[in-house]
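The values are calculated or read from the model by the stated rules, or taken from the named source; none is laboratory data. Computed from a prediction, not measured in an experiment: that's the story for all the values here. Positions of Cβ are generated from backbone atoms using ideal geometry, with glycine treated the same way; all protein chains shown enter the neighbour counts. Please note that ligands, DNA and RNA were not included when accessible areas were found on the heavy atoms of the full protein model with its side chains. Shrake-Rupley method; radii C 1.70, N 1.55, O 1.52, S 1.80 Å.
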Amino acid sequence: MPIRWILHWQPNQGTVVNSHILNEISQCVENINGVKDGRWKATLTFYRPNLRDQSISTDFPRDFLGISLMEQPNKYYFIIRGHKIVLEADSSILTIMEKLQSYKSKVALNFEGVQYKLGDFQLRVIKVVPNQAENLRGILMEIEYLPISSVEKSRPIMEEFIDIWREVLAKKSLPGQFMRAEPNFAEYGLSDNYTWQHTAVQYAAALAQLIASVQLRN
């Protein structure tokens, strides 16, 4: 599958993300001839162990995330960042988890956005909002380069595109910038050939940075 990079919006010190910034970013994509190509959505859920005996809580991973992606409706992805584990499962795993009640959902975040076509690239401008709420908690951007699926071979092309994109954004003088928290895919046992598991790991890494930079609160 094509390579994807996921960037998170890092606000300047003392500023917050808001819908005005989101709209300005979308406008920038359209200014460089990005053509709207539908909507896009993913959901990320934080899980916590459902323990009857709290004394054994140290045996269970705390940083346990699940991700559903619109393009993969029959799959579900689990990431345990502390142990560098990523798993792809059938989406029926959610029914099994509900029956077992070993883990329960702590908080769910919706990643919702608009998809744009731009030559060999697809861009997604994404707002991060809590499930059943509308308050904006962060902004992400996904950049997909359709011709290449190699993580390393695509790097110079992706870096050049991001440099151009940052120049475009700089003209708007917005209070912040897009950053990339690049995970070490090899630590997760992932190869140079890009997969949906790479995408899941990137979303987990981007969200961790987002939490750190804008102090996301449940």
Original post:
Do you know which of the residues in region 118-160 that are charged (D, E, K, R) and assigned to a helix (DSSP H, G or I) is least open to solvent (accessible area, probe 1.4 Å)?
Top reply: ARG155
Subject >> Count of residues meeting criterion [outside any strand (DSSP E or B), under 20 Å from LYS75 (Cα atoms) and open to solvent by 50 Å² or more (accessible area, probe 1.4 Å)] in region 1-53 >> reply: 1
Subject >> Only one of VAL168, VAL128, VAL151 that is farther than 15 Å from ILE79 by Cβ and touching a strand residue (DSSP E or B) at 6+ places or on another chain (Cβ under 6 Å) >> reply: VAL128
Subject >> region 97-121 residues that are acidic (Asp, Glu), paired with ones that are open to solvent by 30 Å² or more (accessible area, probe 1.4 Å) (beta carbon under 6 Å, 6 or more apart) >> reply: GLU112/LYS41; GLU112/LYS127; ASP120/LEU146; ASP120/PRO147
Subject >> Counted residues, region 81-117 - those being open to solvent by 30 Å² or more (accessible area, probe 1.4 Å), of a type in the set (S, T, N, Q) and not in a helix (DSSP H, G or I) >> reply: 5
Original post:
In region 175-194, how many residues are of a type in the set (A, V, I, L, M, F, W, C), more than 20 Å from VAL125 (Cβ to Cβ) and in contact (Cβ under 8 Å) with a residue 40 or more places away in the chain?
Top reply: 1
Subject >> When residues of region 162-174 are limited to those that are within 18 Å of ILE126 (Cα to Cα) and within 21 Å of the chain's Cα centre (by Cα), the one surrounded by the most Cβ atoms within 10 Å (Cβ to Cβ) >> reply: TRP165
